[in-house]
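Notes follow the structure.
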Amino acid sequence: MAGVKLFIEGVADQKFLTDIIFNSFGKKLVDQDFNRLGGYTGIDNVDIDFRSNSDSGGTNLLFLDTDYPDTNGGFERRLRETLAKKTQLSIDFSLFLFPNHQDDGDLEVLLERIINPVHQDIFDCWADYEGCLSARHRDYTVPARKTKIYGYMEALHGISKSQKEKAKEQNRDYLNTAHWNLNSEALLPLIEFLRPHF
């Protein structure tokens, strides 16, 4: 039976959306509800899956990172490219671009906006670390935002191997209100996008 199919970039999106949908709508998703693209360019590889779900009366929801602007712009460029791909491949989907379907960024930008404010010190320390790297040596690379979120999660868990496993994307518990603020206004655009489907 057809239903809602979520097309996502990777495991981090799947775990996050699974928890948010359960928290907001009481619907428990399983692996079969998702199709991992591996990134924006993966749309070309699963066009048949979009069509198959549509032909069965299902709804396709596509979630992508907007990423940061280049000379052609971030959000506007990704929106334009994705809608062009929709036409080119003759597929149907509703689109949500992380972090909020209007700004440049990605899932990690949204995650940073929904941390439990009690733990803001972790990101304040991280900002000092990034500033130090940038100021000390021009050749140092500031770690990616994925690393920043991993660092946040790692700081909140114990030092044992099993505790460190909880920091990994597929093991995170976004329902844990000690770590995440699920009442954050930053989640509203996503929840409103999801509401008609769940």
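Among the residues of the range 7-32, just one is more than 21 Å from ASN53 (Cβ to Cβ) and not in a helix (DSSP H, G or I), namely GLY26.
The numbered conditions (1) within 24 Å of GLU154 (Cβ to Cβ); (2) surrounded by 12 or more Cβ atoms within 10 Å (Cβ to Cβ); (3) aliphatic (A, V, I, L, M) are all true for VAL118 except (2).
Can you find a residue in the range 57-64 that is closer than 26 Å to TRP180 by Cβ and exposed (fewer than 14 other Cβ atoms within 10 Å of the Cβ)? No, the range 57-64 contains no residue that is closer than 26 Å to TRP180 by Cβ and exposed (fewer than 14 other Cβ atoms within 10 Å of the Cβ).
Just to be sure, is PHE75 crowded, with 17+ Cβ neighbours inside 10 Å, assigned by TED's automatic domain parsing to the domain that holds GLY57, over 16 Å from PHE7 (Cα atoms) and not polar (S, T, N, Q)? Spelling it out, PHE75 is indeed crowded, with 17+ Cβ neighbours inside 10 Å, assigned by TED's automatic domain parsing to the domain that holds GLY57, over 16 Å from PHE7 (Cα atoms) and not polar (S, T, N, Q). Considering TYR174, TYR140, the condition of being crowded, with 16+ Cβ neighbours inside 10 Å and of a type in the set (Ser, Thr, Tyr) is satisfied by TYR174 alone. Just to be sure, is ASN45 surrounded by fewer than 21 Cβ atoms within 10 Å (Cβ to Cβ) and either outside any helix (DSSP H, G or I) or at pLDDT 95 or above (or both)? The answer is no for ASN45.
The values are calculated or read from the model by the stated rules, or taken from the named source; none is laboratory data. The structure presented is a predicted model; accordingly, all values stated were derived computationally and were not measured. Methodologically, a virtual Cβ is constructed for each residue, glycine included, from the backbone with ideal geometry; neighbour enumeration extends over all protein chains shown.
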